[in-house]
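If you scroll down you'll find the structure; I have some questions about it.
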Amino acid sequence: STILELTNVAKTYHTRFNANAVQALTDVSLSVETGEYVAIMGESGSGKSTLLNLIAALDKPTSGSINLNGTELSTIPEGKSAKFRREHLGFVFQDFNLLDTFKVQDNIVLPLVLSKTPVPEMEKRVKDLAPKLGLGDKLAKFPYELSGGQQQRVAAARALITNPELLLADEPTGALDSRTADELLQLFAQLNGDGQTILMVTHSAVAASHAGRVLFIRDGRIFHQLYRGDLTQDE
Ligand code: ADP
Ligand code: ADP
């Protein structure tokens, strides 16, 4: 079944100091099936962050519609979008976005704390999830005690702890060296193998080549797509 559907989405930014409007996205239509691993690849400024922000209901399109698992995002009332994100989406960012003063386990359960999940349920979920991400023995540490790759796995655990319908990743390997990046990409592939639907934006061809399908974006338009079997494997 289809989990995400964008229909003729456009986004124009009007800035206070710039007379020229920026057309960041033009006529973007795309559809993602449950269980897919889709990468959106494009250079800096091509519109990737804009696209993710719209899918995450952090911003609204200028025109067109976005439907996430049956919910038309434009119908989410002002003030309810944070709750919607918490209940349906997980996020992994380039710079991890961990809280330095919280232990690993408290970083991981943060979305559950925000949704007022009972403590025993939080403890159960973190005990189940942490070993899958190789974090079983890291829960009592602080983020600064971990390597970059381990910190990104903590960020992934925090994104997954709510069992999101869709995992969104914005340049998740951008701050990692190539070996650590490869480990994270293996983890994403494993999560997808277990059924997790993933949408990742990246400017890295290596990262994109791990996805089942790659959409190429340039100047705010998706101009090409490739399925995994079609990709040249030259890592
Ligand atoms: P990418 O993530 O691929 O680097 P972005 O979506 O950030 O691309 O940007 C696409 C275009 O929109 C760029 O020209 C960028 O400068 C512009 N843009 C992005 N965000 C804003 C904003 N908040 N206000 C004005 N212009 C923006
Ligand atoms: P990314 O690495 O995710 O593409 P950017 O450096 O393009 O990030 O943008 C960082 C932030 O600045 C984003 O939130 C984006 O929306 C905003 N932004 C990008 N371009 C512009 C712009 N021309 N005017 C205002 N904000 C912008």
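The values are calculated or read from the model by the stated rules, or taken from the named source; none is laboratory data. Remember, it's a predicted structure, so these values are computed and weren't measured experimentally. Please note: Cβ atoms are built from the backbone with ideal geometry, for glycine as well, and neighbour counts cover all protein chains shown. The accessibility values were calculated without ligands, DNA or RNA, using every heavy atom of the protein model including side chains. Shrake-Rupley method; radii C 1.70, N 1.55, O 1.52, S 1.80 Å.
Does anyone have the angle between helix 178-193 and the longest principal axis of the chain? Alpha-carbon axes, 0 to 90°, nearest 10?
Value to nearest ten degrees: 90.
What does the charge add up to near VAL104, with Lys and Arg as +1, Asp and Glu as -1, over the other residues with Cβ less than 12 Å from its Cβ?
For residues surrounding VAL104, the net value is +1.
Turning to a different aspect of this structure: On each of the three principal axes of the Cα atoms of segment 117-235, give max minus min coordinate, whole Å, ordered largest first.
48, 28, 26
So, one more: Note down the net charge around THR197, summing +1 for each Lys or Arg and -1 for each Asp or Glu among other residues with Cβ under 9 Å from its Cβ.
Value of the local net charge: -3.
Could you work out what % of the accessible surface of segment 76-235 is carbon and sulfur, using a 1.4 angstrom probe and leaving DNA, RNA and ligands out of the count? Display every interim value, and only then the final one.
Details: 4120 of 8160 Å².
For segment 76-235, the apolar C and S fraction of the accessible surface comes to 50 percent.
Here's another thing I want to ask about it. Where does helix 148-160 land angle-wise versus the long Cα axis of the chain, in degrees 0 to 90, nearest 10?
Tilt of helix 148-160: around 80 degrees.
Let me ask you something else. Helix 119-132: angle to the longest alpha-carbon principal axis of the chain, degrees 0 to 90, nearest 10?
80 degrees
What lysines could a cross-link reach from LYS11, if we take a straight Cα to Cα line under 27 Å and drop same-chain neighbours fewer than 8 places away?
The reachable lysines, counting only those whose Cα sits under 27 Å from LYS11, are LYS48, LYS60, LYS80, LYS83.
Taking the chain as the region of interest, what is the percent of Cα-Cα pairs per 5 angstrom bin, listed from the shortest bin to the one with the maximum distance?
Per 5 Å bin, starting at zero, the Cα-Cα P(r) for the chain comes out as 1, 6, 14, 18, 19, 17, 12, 8, 4, 1, 0 percent.
Would you tally the net charge around ASP170, using a Cβ to Cβ cut-off of less than 10 Å, leaving ASP170 out, and scoring K and R as +1, D and E as -1?
Net charge around ASP170: -1.
Can I ask one more? What FRET efficiency do you get for PHE84 and ARG228 if R0 is 30 Å and r is their Cβ-Cβ distance, rounded to the nearest 0.05?
0.45
Among DSSP bridges having both ends in the chain, what percentage is antiparallel? Round to the nearest 5.
Details: 21 of 38 bridges.
Once the DSSP bridges in the chain are tallied, antiparallel ones form about 55 percent.
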